[in-house]
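Presented below is the structure to which this report refers.
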Amino acid sequence: MSSTELQLAASQRTSLSPMEQASRKMRMIWIGRVLFLIVFLLIWQVASPYLDKTVFSSPADIARNLVESVLTGSLWPNLWTTLEEIALGYIVGAFAGIVVGFILGSNEIVAGILDPVMIAIYGIPKIALGPLFVVWFGINLMPKVVMAAVIVFFVVFYATYHGVREVDQDMLRTIQLLGVSPTQIRRWVIFPSALSAIFLGLKMAVPEALVGAVVGEMIVSNKGLGYMIQFAATQLDTAGVYAGLFVLMIMALLANSAVNQASGMKRR
Amino acid sequence: MCVMWENNSLAKRSDLNDLKKDRTSIGHVSTVFNDTSSYKYQAGSGGIRLEGVSKWFYRSQGEKVVALSQIDLEIPKGAFVSLVGPSGCGKSTILNCIAGFQYPDAGKVIFEGKEIRGLNVGIGYMTQKDYLLPWRDVLDNVWLPLQARGIPTKEGKQRALEYIKRVGLEGFEHNFPRELSGGMLKRAAMARTLVFHPSTLLMDEPFGNLDAQLKLQLQRELLRIWHQEKQTVIFVTHDLEEAIALSDMVVVLSGRPSSVKQVIHVDLPRPRDPISIRFEPEFQRLHKELWSLIDVTLEVDHEFH
Ligand SMILES: Nc1ncnc2c1ncn2[C@@H]1O[C@H](COP(=O)(O)OP(=O)(O)O)[C@@H](O)[C@H]1O
Ligand SMILES: [Mg+2]
């Protein structure tokens with residue numbers, strides 16, 4: 001029996017509608033997730049007395065550290081700084097990525113000229129650009145925003161570029177024959193047709209913005225989650241390092257679900 | 001991508017004038033059948049001419065496939081011409097050359113006195129694939145050519161609705177292409193092609209996958225519109241009866257490398273009714289003649305599209 005047949009048989013037996021089945025499945029997944037987390041943390045906690053504290057810390061220590069930084073308020077300025085860098089970097093990088101991707105995607109010659117430049121810059125590990133950004137932009141917000149923007153730019157740029165390149169050429173010329181001008185074609189055909197690729201790029205770029213900001217903070221800074229982690233590490237405060245990572249993970253999860261929410265809304 | 005940047009020297013903005021002129025003519029569809037005097041095309045004035053057109057392609061293994069070999073063909077202005085021939089013989093390629101989608105490897109295509117270089121913007125080409133925009137509903141797809149010409153929205157949409165009605169898609173104007181059947185997509189594409197009154201119509205198997213009844217209905221509608229607007233029509237079909245019922249000329253192509261095997265002139269009275277015309281003895285005779293020509297060529301090609 002195939003799996004669909006099995007599902008069918010199961011649904012007949014329990015006489016649940018497909019929607020009820022789906023929500024039941026979702027509930028099981030969530031219960032599983034929570035159980036997995038609890039078991040994982042429990043094992044970690046139980047094992048921690050036997051492990052090297054400076055390497056593994058323990059869930060209790062990490063929690064204590066987190067609560068402390070919340071209570072003393074030391075977490076918030078760092079969190080706020082990183083969020084600011086992410087937001088600014090994302091907006092600038094995404095906008096530039098869409099514009100440049102669209103231009104290069106619809107102009108083969110310009111694309112050909114700039115291709116080596118793009119590949120060369122894309123190929124550099126972005127962290128290597130960090131010192132340059134510091135020289136150019138100082139040690140405050142700016143170099144981190146630029147770092148996030150550069151990383152976001154490439155993700156969105158390539159998505160847009162390929163989205164535009166993949167527009168069906170036969171469709172384009174057929175539409176053009178109808179008397180639709182090149183400018184109108186860009187607006188009415190190429191852009192909408194590349195839109196799903198652009199959205200995918202925007203989605204993939206959200207966690208990249210986080211990476212850019214934190215990487216930037218780790219080069220030179222006196223604020224932000226990256227700084228917080230770095231500083232804890234220099235103090236051999238392993239629980240502090242894990243606490244910072246924990247906050248980053250929560251941010252990544254929240255960003256991801258926000259993006260999913262938004263793309264769900266797009267599909268209506 | 002280069003397609004978009006090609007020069008538009010062939011763009012005929014005079015179709016704006018056509019639109020204005022025709023705006024009045026839409027209202028009285030029913031009177032067309034009384035008009036028997038002016039249906040005849042005028043030979044030798046501004047039609048389409050293929051002069052020794054050859055076209056070849058290279059298969060991925062490097063093997064050369066000659067699709068068209070030395071095609072000579074004269075299509076008078078205002079004539080309704082059908083192209084028939086085995087699958088893969090190059091019928092679509094001929095239309096592509098006239099539309100400027102492809103260039104002949106030898107010979108040339110003369111369109112209204114000028115050699116075609118670049119896209120032949122402003123002609124109506126109903127391609128085998130519909131190329132409707134998936135993010136626009138039927139109404140907005142049909143409206144597109146009018147929107148592009150800057151016709152006031154209300155007026156443009158009104159006209160689009162008119163043509164949607166004509167192809168029998170009334171009630172589907174707010175459906176998206178993904179919600180339509182194959183036959184409905186073809187009809188929407190047909191409406192989009194006709195709505196801007198192109199003076200030349202290329203139609204590539206437009207009624208290919210329609211049921212018999214709908215096909216007859218649309219043939220009738222097409223003839224009606226043709227009588228009104230007197231376009232030059234090049235109509236590719238596999239249906240020999242359809243070819244005779246609609247056309248002034250049926251061009252029979254041989255299998256690859258294809259050339260013009262024979263041109264049959266259809267001297268049936270106009271205006272015609274595509275159904276009752278089938279019972280004329282002359283129709284039967286032509287039908288027999290066509291079959292005798294096709295029979296041989298059918299065996300030549302084993303390629304199916
Ligand atoms: N772009 C192309 N590349 C390679 N071969 C092609 C191309 N277009 C058409 N052909 C070949 O040319 C021949 C004629 O094609 P086509 O004009 O589509 O035939 P028809 O419309 O009569 O069925 C076919 O053998 C087809 O495989
Ligand atoms: Mg074809």
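The values are calculated or read from the model by the stated rules, or taken from the named source; none is laboratory data. The structure presented is a predicted model; accordingly, all values stated were derived computationally and were not measured. Positions of Cβ are generated from backbone atoms using ideal geometry, with glycine treated the same way; all protein chains shown enter the neighbour counts. We work out accessible area using only protein heavy atoms, side chains counted, and drop any ligands, DNA or RNA first. Shrake-Rupley method; radii C 1.70, N 1.55, O 1.52, S 1.80 Å.
So the values come out like this:
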quantity	calculated
Among the residues listed as B:Gly118, B:Gly113, B:Gly124, the single one being of a type in the set (Gly, Ala, Ser), surrounded by fewer than 18 Cβ atoms within 10 Å (Cβ to Cβ) and within 14 Å of chain A (Cβ to nearest Cβ)	B:Gly118
Of the criteria (1) open to solvent by 10 Å² or more (accessible area, probe 1.4 Å); (2) more than 16 Å from ligand 2 (Cβ to nearest atom); (3) within 14 Å of chain A (Cβ to nearest Cβ), which one B:Asn141 fails	(1)
Breaking point among (1) free of Cβ contacts under 8 Å to residues at least 60 places away in the same chain; (2) over 19 Å from B:Val263 (Cα atoms); (3) within 15 Å of ligand 2 (Cβ to nearest atom), for B:Tyr125	(1)
Test: B:Ile164 is under 30 Å from B:Val260 (Cα atoms) and away from ligand 1 (no atom under 16 Å from the Cβ)	no
Residue within the stretch B:210-221 that is within 16 Å of ligand 2 (Cβ to nearest atom) and buried (at least 20 other Cβ atoms within 10 Å of the Cβ) present	no
Some residue of the stretch B:256-265 being open to solvent by 10 Å² or more (accessible area, probe 1.4 Å), away from ligand 1 (no atom under 16 Å from the Cβ) and either within 14 Å of chain A (Cβ to nearest Cβ) or not in a strand (DSSP E or B) (or both)	no
Search result, residues across the stretch A:220-268 that are outside any helix (DSSP H, G or I) and exposed (fewer than 14 other Cβ atoms within 10 Å of the Cβ)	A:Asn222, A:Gln235, A:Leu236, A:Arg268
Counted residues, the stretch B:96-108 - those being more than 7 Å from chain A (Cβ to nearest Cβ) and within 16 Å of A:Arg173 (Cβ to Cβ)	6
Residue in the stretch A:193-206 that is more than 14 Å from chain B (Cβ to nearest Cβ), closer than 22 Å to A:Leu254 by Cα, β-branched (Val, Ile, Thr) and part of a helix (DSSP H, G or I) present	yes
Every pair of residues 6+ apart whose Cβ atoms lie under 8 Å, when the first sits in the stretch B:60-84 and is free of Cβ contacts under 8 Å to residues at least 24 places away in the same chain and in a strand (DSSP E or B) while the second is open to solvent by 10 Å² or more (accessible area, probe 1.4 Å) and hydrophobic (A, V, I, L, M, F, W, C)	B:Lys64/B:Trp56; B:Lys64/B:Phe57
Residue that is nearest to ligand 2 (Cβ to nearest atom) [pool: residues in the stretch B:154-204 that are farther than 30 Å from B:Glu112 by Cα and within 14 Å of chain A (Cβ to nearest Cβ)]	B:Leu185
Residue that is modelled with the highest pLDDT, among those in the stretch B:222-244 that are assigned to a loop (DSSP other than H, G, I, E, B) and within 15 Å of ligand 2 (Cβ to nearest atom)	B:Thr237
Residue tally, condition open to solvent by less than 40 Å² (accessible area, probe 1.4 Å) and more than 7 Å from chain B (Cβ to nearest Cβ), over the stretch A:176-192	2
Within the stretch B:88-117, tally of residues that are within 16 Å of ligand 2 (Cβ to nearest atom) and either in contact with a strand residue (DSSP E or B) (Cβ under 6 Å, 6 or more places away or on another chain) or hydrophobic (A, V, I, L, M, F, W, C) (or both)	11
Listing of helices (runs of 4 or more DSSP H) fully contained in the stretch A:24-127 that carry 3 or more residues being under 30 Å from A:Ile139 (Cβ atoms)	A:59-71, A:75-105, A:108-123
The stretch B:66-124: number of residues that are among the acidic types (Asp, Glu) and within 16 Å of ligand 1 (Cβ to nearest atom)	1
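For every residue, the table says whether it meets (1) in the same structural domain as A:Phe246 (by TED's automatic domain parsing); (2) over 30 Å from B:Gly100 (Cα atoms); (3) surrounded by fewer than 19 Cβ atoms within 10 Å (Cβ to Cβ).
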residue: A:Glu85; (1), (2), (3): yes, yes, no
residue: A:Phe102; (1), (2), (3): yes, no, no
residue: A:Gly112; (1), (2), (3): yes, no, yes
residue: A:Val117; (1), (2), (3): yes, yes, yes
residue: A:Val135; (1), (2), (3): yes, yes, yes
residue: A:Pro143; (1), (2), (3): yes, yes, no
residue: A:Val155; (1), (2), (3): yes, yes, no
residue: A:Glu166; (1), (2), (3): yes, no, yes
